[in-house]
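**Q** One structure coming up, written as structure tokens, with questions to follow.
The values are calculated or read from the model by the stated rules, or taken from the named source; none is laboratory data. In this text, all values refer to a predicted model and were calculated from it rather than measured experimentally. Here Cβ is always computed from backbone atoms with ideal geometry, including for glycine, and neighbour counts include all displayed protein chains. Please note that ligands, DNA and RNA were not included when accessible areas were found on the heavy atoms of the full protein model with its side chains. Shrake-Rupley method; radii C 1.70, N 1.55, O 1.52, S 1.80 Å.
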Amino acid sequence: GGFAGHDPRQDGGRFERCSSETPVLRPDETRLLSEAGDIGGDTIGVGFGPLGGMAAVATVLVIARPERCPDLARLEAAADASGCIAGATAAPNAAGVVMRLLAPEGGTLAGGIEAAFNVAAEAALGFAPARRRK
């Protein structure tokens, strides 16, 4: 989940609140993890706010067995190289990896998500994926 603030008229317009929850369950419905977020629109772009002045945020969940998970440093470096600020950690219950991305705007965020996808797909598949068409 995630969002990118957009104010095309440059008049300070923004959403009131963004909330999300993504549960990850086993086939028997045992909960492996629950990723949740809640943020007020008035905090977007605030230098010392929860997003550090950024206007776009996303959570990337890589649900995979530990041996198929990407290296955390490589995953973060790929997203950082796209212009994002990234932080990744192992998910609870050996469910995979959770990574948060912050970016100044939506285009940079999309690039970071794509970079993370490529690293995660290579770890899962054992080879680099072909470039995807937009």
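**Q** Take the conditions in a loop (DSSP other than H, G, I, E, B), more than 27 Å from Pro27 (Cβ to Cβ) and free of Cβ contacts under 8 Å to residues at least 24 places away in the same chain and apply them to Ala73. Does it pass? Outline the logic, then answer.
**A** Details: in a loop (DSSP other than H, G, I, E, B): no; more than 27 Å from Pro27 (Cβ to Cβ): yes; free of Cβ contacts under 8 Å to residues at least 24 places away in the same chain: yes.
For Ala73, the condition - in a loop (DSSP other than H, G, I, E, B), more than 27 Å from Pro27 (Cβ to Cβ) and free of Cβ contacts under 8 Å to residues at least 24 places away in the same chain - is not met.
**Q** Among the numbered conditions (1) in contact with an Asp or Glu (Cβ under 9 Å, 6 or more places away or on another chain); (2) modelled with pLDDT of 95 or more; (3) not in a helix (DSSP H, G or I), tell me where Val97 comes up short.
**A** (1)
**Q** Among the candidates Thr89, Thr59, which residue alone is within 21 Å of Glu21 (Cα to Cα), more than 11 Å from the chain's Cα centre (by Cα) and not in a helix (DSSP H, G or I)? Please lay out each step first, then the result.
**A** Values: Thr59 fails: more than 11 Å from the chain's Cα centre (by Cα).
On inspection, the qualifying residue turns out to be Thr89.
**Q** Which residues, counting only those in segment 1-19, are modelled with pLDDT of 70 or more and either open to solvent by less than 50 Å² (accessible area, probe 1.4 Å) or out of contact with any Gly (no Cβ under 8 Å at 6 or more places or on another chain) (or both)? Talk me through it step by step, then tell me what you get.
**A** Kept after step one, since they are modelled with pLDDT of 70 or more, are these residues of segment 1-19: 16-19.
Residue satisfying the conditions is Cys18 alone.
**Q** Keeping to segment 15-36, report how many residues are assigned to a loop (DSSP other than H, G, I, E, B), farther than 21 Å from Val97 by Cβ and in contact with a strand residue (DSSP E or B) (Cβ under 9 Å, 6 or more places away or on another chain). Walk me through it before giving the result.
**A** Filtering segment 15-36 for residues assigned to a loop (DSSP other than H, G, I, E, B) gives 15-16, 26-30.
From what's left, farther than 21 Å from Val97 by Cβ: 15-16, 28-29.
Among the residues that remain, those that are also in contact with a strand residue (DSSP E or B) (Cβ under 9 Å, 6 or more places away or on another chain) are: 15-16.
Count: 2.
**Q** Across segment 85-112, what is the number of residues that are β-branched (Val, Ile, Thr) and open to solvent by 70 Å² or more (accessible area, probe 1.4 Å)? Steps first, please.
**A** The initial filter retains those residues of segment 85-112 that are β-branched (Val, Ile, Thr), namely 85, 89, 97-98, 108.
Narrowing the set further to residues that are open to solvent by 70 Å² or more (accessible area, probe 1.4 Å) leaves 85, 89.
Residues flagged as β-branched (Val, Ile, Thr) and open to solvent by 70 Å² or more (accessible area, probe 1.4 Å) within segment 85-112 amount to 2.
**Q** Could you tell me whether Ala64 is under 16 Å from Ala116 (Cβ atoms) and either at pLDDT 80 or above or among the charged types (D, E, K, R) (or both)? Before you say what the answer is, go through the steps one by one.
**A** On the way: under 16 Å from Ala116 (Cβ atoms): yes; either at pLDDT 80 or above or among the charged types (D, E, K, R) (or both): yes.
Answer is yes for this residue.
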